[in-house]
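**Student:** Quick one: the structure is below, questions incoming.
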Amino acid sequence: MINPDVALTIESFTPDEEHAFRIDAPMAVRGILRDIARHGERVALYYGAREGGVIVTVILDLDAGGFWLDATRDAGVNRSIVESPQKFFVSAHLQAKVQFPVKQLELQRREDTNQFYLTFPEYLTRLQRRDFFRLYLPPGLLKCQVETHIGQEPLRFAVRDISEGGVALYSERAEDSPLKPGDQIQDCRLILEDGSEIVFDIQVRHSALTRMPSGEELTLIGCRFITLSSRMAMQLQRYITRRQREQLP
């Protein structure tokens, strides 16, 4: 499903913002690009430094090392893109803007069409929208299971609130939270009341010590979704909608 609300323009970031929005886990980067391809999202490919241009295209296919974009029918434009020292990829993922500088690109003849082959980037930035409805939950209603180390028992956190963009968790380890800002964690599981699960990858955005009304001190950990399949996103949306209706007077 194409995201018409995400403008395919290049965003400028401060160093702090760049760090906050940066995703560099290889599996997460590839998962995001696979989602963009599967949903048929538009891709803006910028080229040239000052008076450069831009084409709007789509991801056609992926392999273990990179992916193919549909090239233009204009040989001159294709040549300018290949020869340009500066190129930028911009697209949308789960209503968030995704962008990265293109380091390696070549023009290939594939399936009787001209296509650009790009190697997977070392990192990308993902700018999340901030207008998602945030569902606050009763204490202890939902748990989020997180595997921080392979071979160790997964950790379980109470969920304070959740939206289509991310989740906020409570940790009882107030002095030494096991999740640190910048951590990227795969295959987290939100366990719903009926025992079903919503699976996603997260990036920890921030953590802060919070005093509860009871006087207990907990660490509040804010996370955003890095990857969330379309099926999981629909399941989450249905859950949030159902809980909203239940909270109506």
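**Student:** Out of the range 207-217, which residues are hydrophobic (A, V, I, L, M, F, W, C) and buried (at least 16 other Cβ atoms within 10 Å of the Cβ)?
**Tutor:** The answer is none; no residue qualifies.
**Student:** So PHE100 passes all but one of these: (1) part of a strand (DSSP E or B); (2) at pLDDT 95 or above; (3) more than 18 Å from the chain's Cα centre (by Cα). Which condition number does it fail?
**Tutor:** (3)
**Student:** Being under 30 Å from CYS223 (Cα atoms) and over 18 Å from the mean Cα position of the chain (by Cα): is that true of LEU60 here?
**Tutor:** Details: under 30 Å from CYS223 (Cα atoms): no; over 18 Å from the mean Cα position of the chain (by Cα): yes.
So LEU60 fails the test.
**Student:** Same structure, new question: Provide a single number: the residues in the range 79-114 that are on the phi > 0 side of the Ramachandran plot and acidic (Asp, Glu). Working first, answer last.
**Tutor:** First pass over the range 79-114, keeping only residues on the phi > 0 side of the Ramachandran plot: 94-95, 111-112.
Still in the list and also acidic (Asp, Glu): 111-112.
Looking only at that region, the number is 2.
**Student:** Pick out the one residue from GLY195, GLY215 that is part of a loop (DSSP other than H, G, I, E, B) and either charged (D, E, K, R) or at pLDDT 80 or above (or both).
**Tutor:** Unique residue meeting the criteria: GLY195.
Conditions tested, residue by residue: (1) in a loop (DSSP other than H, G, I, E, B); (2) at pLDDT 90 or above.
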| position | (1), (2) |
| --- | --- |
| ARG173 | yes, no |
| SER177 | yes, no |
| ARG189 | no, yes |
| ASP201 | no, yes |
| SER207 | no, no |
| THR219 | no, no |
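**Student:** For the range 112-122, state whether one or more residues are part of a strand (DSSP E or B) and modelled with pLDDT under 90. Outline the logic, then answer.
**Tutor:** Within the range 112-122, the first condition is being part of a strand (DSSP E or B), and the residues that meet it are 113-119.
From what is left, the residues that are modelled with pLDDT under 90 are none.
No, there is no match, as no residue in the range 112-122 is part of a strand (DSSP E or B) and modelled with pLDDT under 90.
**Student:** Scan the range 218-233 residue by residue and report those that are surrounded by 12 or more Cβ atoms within 10 Å (Cβ to Cβ), over 18 Å from ARG156 (Cβ atoms) and of a type outside the set (Ser, Thr, Tyr).
**Tutor:** The answer is ARG224, PHE225, ILE226, LEU228, MET232, ALA233.
The values are calculated or read from the model by the stated rules, or taken from the named source; none is laboratory data. The structure presented is a predicted model; accordingly, all values stated were derived computationally and were not measured. In this analysis, Cβ positions are derived from the backbone assuming ideal geometry, glycine residues included, and neighbour counts consider all displayed protein chains.
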